[in-house]
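J.: Sharing a structure with you now.
The values are calculated or read from the model by the stated rules, or taken from the named source; none is laboratory data. The structure displayed is predicted, hence computed values, not measured ones. Reconstructed Cβ throughout: ideal geometry from the backbone, glycine too, with neighbour counts over all protein chains shown. Areas reflect the complete protein model, heavy atoms only, side chains present, ligands, DNA and RNA absent. Shrake-Rupley method; radii C 1.70, N 1.55, O 1.52, S 1.80 Å.
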Amino acid sequence: MNLPIPFPDEIALIIDNALREDVGPGDFSSLASISADAMGKAKLIVKDTGVIAGVQLALEIFKKVDSTLQVTVFISDGSLVKHGDEVLHVSGSSQSILKAERLVLNSMQRMSAIATKTHHYVSLLEGTGTQILDTRKTTPGFRACEKWAVLIGGGQNHRFGLYDMIMLKDNHIDFCGGIAKAVQKTKQYLVDNQLDLRIVVEARNLQEVQEILAEGGIYRILLDNFDYDTTRKAVALVNGQCQTESSGNINELTLRKYADCGVTHISSGALIHSVYNMDLSLKAF
């Protein structure tokens, strides 16, 4: 799978900042022990099982560190991998390979874990028509890569930040003074500021679902912490007038049951915030 790089500006910023953080004024270990003209080769080896992700990111990192590095890719993003698989080979300046090593491994290990979990959740939803979404529960400064990994795993991205979708949650509604007032003020704000943004509104019970529907013009209703029976009733109330999204402590044991209630989407912060990094290594050969 070779998806176009999403959020390219964000990805570039992540690479620049990560190299600044890790390399600083120089990789003195390599500078001290390895000749500037030394050339070498290394291979990226899988020591785990799952879905590989971050290969394209690795190419961007190697290019940023040293555009003369040569990379041969054997396994692309989104592929199932097992222990012993070789994902890529990199050759060129030994100093440059070592400078890029940790950033490549840290990024790919986390992205592969996210893609693996997302792939598993997608498989659990097969045949339901329900789509899995990520959330904003991401690692600060690494969000673009984590959301990229969700796409590689077959999931979909929710909003990227606070600026690309309106999402009226319980606190917005309570601070504003009710659903009707919050929705009406939001619609007027969008008109006044010439913004074209979709509106998602959270409902805490069936009465709030009815209040949201009464306002109209809503893209999706978020059914937060509903049980199965109430979810089915909410979906029936909505009756296709807008999308529906289940959220709130949904895991692999409950995912399919919520999908069977008929919601169009399920969001899960656990896709990103509750994963164990895939074990990868970069070894000279």
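J.: So for the pair PHE28, LYS82, with labels modelled 7 Å out along Cα→Cβ, what separation do we get in nm?
T.: Each label point is offset 7 Å from its Cα along the Cβ direction, giving 4.6 nm.
J.: Can you give the helix-only mean residue ellipticity at 222 nm for the chain, where every DSSP H stretch with n ≥ 4 adds -39500 (n - 2.57) and the sum goes over all residues, rounded to the nearest 500 deg cm²/dmol?
T.: Estimated from H runs of four or more residues: -13500 deg cm²/dmol.
J.: If you build a Gaussian network model of the chain, linking Cα atoms that sit under 10 Å apart, which residue out of PHE28, PHE160, PHE142 swings the most?
T.: Maximum among the listed residues: PHE28.
J.: Using a probe radius of 1.4 Å on heavy atoms only, what accessible surface per residue do you get for region 156-224? Whole Å² is fine.
T.: 55 Å²
J.: What pairs from LYS43/LYS147; LYS147/LYS187; LYS137/LYS169; LYS41/LYS283; LYS185/LYS233; LYS41/LYS63 go past 18 Å between their alpha carbons?
T.: Where the Cα-Cα span goes over 18 Å, the pairs concerned are LYS43/LYS147; LYS147/LYS187; LYS185/LYS233.
J.: Under a 10 Å cutoff between Cα atoms, tell me which one of ASP16, ASP192, ASP227 has the largest fluctuation in the Gaussian network model of the chain.
T.: Per the Cα network of the chain with a 10 Å cutoff, ASP192 tops the list.
J.: If you don't mind, another one. Aspartates and glutamates within cross-link reach of LYS64: Cα-Cα under 18 Å, excluding same-chain residues under 8 positions apart?
T.: Of all the aspartates and glutamates, those that pass the test against LYS64 - Cα under 18 Å, at least 8 places apart if same chain - are ASP9, GLU10, ASP16, GLU21, ASP22, ASP27, GLU101.
J.: Mean projection of the alpha-carbon convex hull of the chain over all orientations, in nm²?
T.: With every direction weighted equally, the projected area is 17.0 nm².
J.: Put a dot 7 Å past each Cα toward the Cβ at ASN251 and GLU126; how far apart are the dots in nm?
T.: 2.3 nm
J.: Efficiency by 1/(1 + (r/R0)^6): what FRET value for LEU206 and PHE7, r their Cβ-Cβ distance, R0 = 35 Å, to the nearest 0.05?
T.: The value I calculate is 0.40.
J.: With all protein chains present, how much of the accessible area of region 138-214 (probe radius 1.4 Å) comes from carbon and sulfur, to the nearest whole percent?
T.: 51 percent
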